Amino acid sequence: MTLAEHLSRPFSHWMAGEGADADVVVSTRVRLARNLRGYPFPEYLREDMAQRLLDQVSAAVEVLGAEWDVYRLGEVDPVDCRVLVEKHLISPQHAQERRFRGIALNSSESGSIMINEEDHLRIQVLEPGLGVDTALAGASAAEGALGGRLDFAFDEEKGYLSACPTNVGTGLRVSVMLHLPALTLTGQAPRVWVALRKLGIAVRGLYGEGTDAAGDLFQISNQITLGPSEAEIAAGLVQVTRQVVEQERHARGLLITESRQEIADRVGRAYGVLRHAHLISAEEAMRLLSDVRLGVESGLLDRPERQKLNELLVVTLPGYLDRNAGRPLGRKERWALRAQWIRERVA
Amino acid sequence: MCQECKRRTATVHVSRVVNGQTEEFHLCEACARERGDFFFVLDPGMALQELLSSLAQPVQGSVPVPERACPECGMDYRTFAKTGRLGCPECYRHFHDQLDPLIRQVQGSVRHTGARPARALTPAEPDEVTRLRAQLAQAVEREAYEEAAALRDRIRALEKELEREGLP
């Protein structure tokens, strides 16, 4: 598959809206950090070594089968890189310094491997809903196959060695993206965050720092990577996630029974604006899409379907809009194009 | 105040160097998001990394900071203390005494119990000794004696380790 085909298609596997607890859990990401023995970590790689490593990993990726392709970011346009970030396929850091960096992608975009990011390899699998087991199995399988061709730096005591000691051991980060409008609306979210942090779970807004999340979207993930096994880390995060999901459902139930009119009004207004706006900022779009999503999940609205809502999280972002227009857009043009995409999709 | 909407308080401060020119931006979160070129989804590990970097700052009375840089990649401990990131896999061994308490503090453990490479790779393979010996020979040839001394120490350490594990 060409990179252009990946980029022009809004859909990515994680947006399917399926899977366990998909009324609250938008998607799951599992990533394994791996480094090659005998090379400095990417930040300290000489150019010739970085190039050699990129070649070596690209060749090794062939073992994963025909649905995988490697793209060299040095040959990719910055706007295209931004779309990869917006589709959650690479990190913003990876898109910034592109020389000697690469990304391997499978055709469904469920799997991606960042090459020469903070670590030599960041193998990640994205699944819709709460799909930790599937994602971990996928990432481990890819890691195992690549491990047959690449000599990963491993220490008997410390496990897999990573550029930052916060990733050492399993190199595993499991994170889930949650939509928590009811916990936010009822002011319960801060209490939940305090509890999660005590359990060694990191909480972030999806966009930007802090827990003041746009669109009521939050990421929670494990902090500890050394000590417990991969399965234990995954199970711990699933257990905590299920508790947050239950709390969110409970809060939604309360809102619907006790303030039905207010919520129906809020959801209806959000839908109305999205359906008919001609100029809309990213911030307003995020906020209203969250209200509409709450409406769909609590049965107040019967459309748009989850997958459309997930796609809208990405296609309303600046990179995607610019790329589709074929040029960098001005502020007003962007607002207009965003409104148009939304109108067409929420109808 | 945000320089874009001129309404909200600027909470995002970015300076960017483009072609040697420094540009500064002071934006509110909404406008920063709208601009998109500061699009940032932070790695959840980030806060921990900052913590780690602060812990790595030498404190009086703690294990002394090693003077010698990592023989494999040349990174010194002070650089790690600043960035929170190591230079190469070998750094874990070289800075073991400083890193261990740090890792224990951040991770709560220093012992990996998870997956391991399917191929039976031991921490110090005999192959590695062979490779280092070749490097040593080259270093001596070039009269790079400091490098040679470092390599010799490395080889001795590895051989000791192999002996301990009963490997040839």
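The values are calculated or read from the model by the stated rules, or taken from the named source; none is laboratory data. Please read all numbers here as calculations on a predicted model, not as lab measurements. Note that we place each Cβ from the backbone using ideal geometry, even for glycine, and neighbour counts take in every protein chain shown. Accessible surface areas use protein heavy atoms only, side chains included; no ligands, DNA or RNA. Shrake-Rupley method; radii C 1.70, N 1.55, O 1.52, S 1.80 Å.
Return yes when A:SER108 is more than 16 Å from A:LEU237 (Cα to Cα) and away from every other protein chain (no Cβ under 12 Å) and no when it is not. Taking the combined requirement at face value, the residue satisfies it. Here A:ALA20 does not fit the description of being touching a residue at least 12 places away in the same chain (Cβ under 8 Å) and either in contact with a strand residue (DSSP E or B) (Cβ under 7 Å, 6 or more places away or on another chain) or within 21 Å of A:TYR71 (Cα to Cα) (or both). Applying the selection to region A:117-137, what residues are in contact (Cβ under 8 Å) with a residue 60 or more places away in the chain and within 14 Å of chain B (Cβ to nearest Cβ)? Residues satisfying the conditions are A:GLU117, A:GLU118, A:ASP119, A:HIS120, A:LEU121, A:ARG122, A:ILE123, A:GLN124, A:LEU126, A:LEU136. With the requirement that a residue be at pLDDT 75 or above, open to solvent by 100 Å² or more (accessible area, probe 1.4 Å) and over 23 Å from the mean Cα position of the chain (by Cα), what does region B:113-145 give you? Within region B:113-145, B:ALA118, B:ARG133, B:GLN138, B:GLU141, B:ARG142, B:GLU143, B:TYR145 qualify. Taken over region A:103-122, residues that are farther than 22 Å from A:VAL314 by Cβ and not in a loop (DSSP other than H, G, I, E, B) amount to 2. With the condition kept exactly as written, say whether any residue in region B:92-110 is more than 9 Å from every other protein chain (Cβ to nearest Cβ), in contact with a Cys (Cβ under 8 Å, 6 or more places away or on another chain) and either part of a loop (DSSP other than H, G, I, E, B) or at pLDDT 90 or above (or both). Within region B:92-110 (the criterion being more than 9 Å from every other protein chain (Cβ to nearest Cβ), in contact with a Cys (Cβ under 8 Å, 6 or more places away or on another chain) and either part of a loop (DSSP other than H, G, I, E, B) or at pLDDT 90 or above (or both)), the answer is yes, since at least one residue qualifies.
Return yes when A:PHE41 is among the aromatic types (Phe, Trp, Tyr) and either open to solvent by less than 20 Å² (accessible area, probe 1.4 Å) or in the same structural domain as A:PRO318 (by TED's automatic domain parsing) (or both) and no when it is not. Answer is yes for this residue. Among the residues of region A:155-170, the one identified as open to solvent by 10 Å² or more (accessible area, probe 1.4 Å) and hydrophobic (A, V, I, L, M, F, W, C) is A:LEU161. The set of residues in region A:296-314 being more than 13 Å from chain B (Cβ to nearest Cβ) and under 19 Å from the mean Cα position of the chain (by Cα) consists of A:ARG306, A:GLN307, A:LYS308, A:LEU309, A:ASN310, A:GLU311, A:LEU312. Among the residues of region A:66-92, those that are closer than 21 Å to A:LEU309 by Cα, of a type in the set (A, V, I, L, M) and assigned to a helix (DSSP H, G or I) comprise A:VAL83, A:LEU84, A:VAL85. When you scan region A:140-148, do you find a residue that is modelled with pLDDT under 95, farther than 25 Å from B:ARG111 by Cβ and assigned to a loop (DSSP other than H, G, I, E, B), even just one? Checking region A:140-148: at least one residue is modelled with pLDDT under 95, farther than 25 Å from B:ARG111 by Cβ and assigned to a loop (DSSP other than H, G, I, E, B). Within region A:295-306, the set of residues being modelled with pLDDT of 95 or more and either open to solvent by less than 10 Å² (accessible area, probe 1.4 Å) or over 23 Å from A:ILE256 (Cβ atoms) (or both) comprises A:GLY295 only. Considering (1) within 14 Å of chain B (Cβ to nearest Cβ); (2) in contact with a Lys or Arg (Cβ under 9 Å, 6 or more places away or on another chain); (3) over 30 Å from A:GLU248 (Cβ atoms); (4) open to solvent by 10 Å² or more (accessible area, probe 1.4 Å), the lone condition that A:CYS81 does not fulfil carries the number (4). Selection of region B:94-110 for residues being more than 12 Å from A:CYS164 (Cβ to Cβ) and either surrounded by 22 or more Cβ atoms within 10 Å (Cβ to Cβ) or without any contact (Cβ under 8 Å) to a residue 40 or more places away in the chain (or both) yields B:HIS94, B:PHE95, B:HIS96, B:ASP97, B:ASP100, B:PRO101, B:ARG104, B:GLY108, B:SER109, B:VAL110. Scanning region A:281-294 for residues that are at pLDDT 95 or above and among the hydroxyl-bearing types (Ser, Thr, Tyr) returns a single hit, A:SER290.
To keep it simple, each residue is scored yes or no on (1) under 26 Å from A:ALA16 (Cβ atoms); (2) surrounded by fewer than 24 Cβ atoms within 10 Å (Cβ to Cβ).
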| residue | (1), (2) |
| --- | --- |
| A:ILE90 | yes, no |
| A:GLN93 | no, yes |
| A:PHE100 | no, yes |
| A:ALA104 | yes, yes |
| A:SER108 | yes, yes |
| A:ILE113 | yes, no |
| A:HIS120 | no, no |
| A:LEU126 | yes, no |
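Within this structure, A:ALA325 passes the test of being of a type in the set (A, V, I, L, M) and closer than 25 Å to A:TRP14 by Cα. Filtering region A:307-335 to residues that are of a type outside the set (A, V, I, L, M), touching a residue at least 24 places away in the same chain (Cβ under 8 Å) and closer than 25 Å to A:VAL26 by Cβ leaves A:GLN307, A:LYS308, A:ASN310, A:GLU311, A:THR316, A:PRO318, A:GLY319, A:TYR320, A:ASP322, A:ARG323, A:ASN324, A:TRP335.
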